[in-house]
Amino acid sequence: MDLRETWNSILVEIELSVSPATFNTWFKDASLVTYDDGIATVGVPNEFVRQWIVEKHHKTLLRLLRERLEGVRSIEYLIIGSQHKAPRQTVPQTRETGAPNSAQELPFADHYVSKDDNLNPRYTFETFIIGSFNELAHAASQAVIKKPGVAYNPLFIYGNTGRGKTHLIQAIGNALKRARPKERVYYITSEQFATEYVDALQGGTAGKFKEKYRGYDTILVDDIQFFSKKEKIQEELFHLYNTIHDSNRQMVFSSDTHPSQLQDMESRLLSRFSAGMVVEITEPDYESRMLIIRKKMHSANATVSEDVITTLADSIASNIRELEGAMNSILCEAKLHNRTPNILDVKQYIKNNIRPKKTMAATEVIKTIASYYGIDEASIYEKTRRKEVVKPRQVIMYILREDFQASYPTIGQRLGGRDHTTVIHSCDKVREGIKTNMEFSQEIDQIRSILR
């Protein structure tokens, strides 16, 4: 299958899963430009489309590409303009930028992720907004930059999804590159690390894998929670940690939860995660959300009224990524109509997209979700492992945690006195299902719509 056929088959699947308006706005003019050395390059017509696809559809595209092309490691997005949307089988590459040798494609250089360090150059401290919700994590990061391998080793940053953990740990890497150009820095997601390790075992190159990672001066590992239940990979990470740490080199980890709440992890590994500095990025406060919106609008050269800023800040509280996605959508809508974003744009977006307010009673959430799945509400509280009850109960736990920020112990108590570890496991199960099962992801979206 050539690139054109591959992309057309992906477009067919996407078109069946999204609305016609969504498909025509975001995917119609996109294309699969190149595929080289595990990196798929997707061409998009402008920056607005690039940002929206990255925020909302990147994981789906990555999954669809991996189903069709062998060895896909990542996607890079290239602004090429809609007039160049036809994909090509091969395009001359320049290693300095990783972009095709064309003047119209130069904007790609600003977003190129180097294979030498896997770092995105856009993630810097200059673009990182500091507020009371993340100032301790920021201060700890600055200490690591000044004394890598000495101050806070390892540095473990945790917090709910969409709060800037990836931005922060990559900013550490980019700052270390500038401050210590001779030292080797490497960023990796847990998924990439696991995939590389399994491929190395299967290909008989485990020695090269170990040699590669033991040669870095600083290693930054994102989303460490996904190593849960992967015993062999945990063992490899344990030995890698000892090698790096014992030679006074730096390790930085991120996770969606505190080390003490990570499930199915070796205790010796958990103790090492907590050996340096553990710091949380909490929910952004109102002032920080206002600052984020102002900076985003300023970067987009958009002048907006104060009520636009305050309404957005009021409506999206816990997730920076969701807040930025809302701004991208509103800015794009305004640009398509050649006008300045206004309060009507904001209200329309909120009506169609914002998750429910956390003031809704937990009992109402339980009742609604039980009704959605067609089961008796009382069965949710029972000590039963029947499949038709377990799934709705896990979804309830996930919604209460993600959308209403209820604590794990509180959720467990509300659902029949269950242990908080059961709640954590259920939430992780739903998160994984959302990532891997498009139908299940749509179910969650429908439930959230009902709960508005």
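Below are the figures for this structure:
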read-out	value
Kirkwood hydrodynamic radius of region 1-41, Cα pairs, Å	11.0 Å
P(r) histogram, all alpha-carbon pairs of region 179-259 included - 10 Å bins from 0, percent	17, 53, 27, 3
Alpha-carbon gyration tensor eigenvalues x 5, square-rooted, for region 285-341, Å	18, 11, 10
Calculated [θ] (222 nm, deg cm²/dmol) that DSSP helices of n ≥ 4 give over the chain, each run adding -39,500 (n - 2.57)	-16000 deg cm²/dmol
Per-bin percent of Cα-Cα distances, the chain [20 Å]	22, 57, 20, 0
Span per principal axis, largest first, for the Cα atoms of region 306-399 (Å)	55, 24, 20
Estimated translational D of region 124-190 in µm²/s (Stokes, Kirkwood radius over Cα pairs; 4 °C; 1.567 mPa s)	104 µm²/s
Whole-number Å³ per residue for the convex hull built on Cα positions in region 242-389	207 Å³
Order of exposure, largest accessible area first, which applies to SER441, SER247 with probe 1.4 Å	SER247, SER441
Entries in LYS56/LYS429; LYS115/LYS208; LYS147/LYS295; LYS182/LYS210; LYS56/LYS391 that, when Cα-Cα distance is taken, lie over 23 Å	LYS147/LYS295; LYS56/LYS391
With eigenvalues of the C-alpha gyration tensor scaled by 5 and rooted, region 398-452, Å	21, 14, 8
Region 212-306: proportion of alpha-carbon pairs further apart than 18 angstrom, %	57 percent
Carbon plus sulfur fraction of accessible area for the chain, probe 1.4 Å, in percent	50 percent
Distance between region 239-297 and region 373-401 - C-alpha centres, whole angstrom	31 Å
Share, in percent, of DSSP beta bridges within the chain that are antiparallel, nearest 5	20 percent
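The values are calculated or read from the model by the stated rules, or taken from the named source; none is laboratory data. Computed from a predicted model, the values in this text were never measured in an experiment. Accessible surface areas use protein heavy atoms only, side chains included; no ligands, DNA or RNA. Shrake-Rupley method; radii C 1.70, N 1.55, O 1.52, S 1.80 Å.
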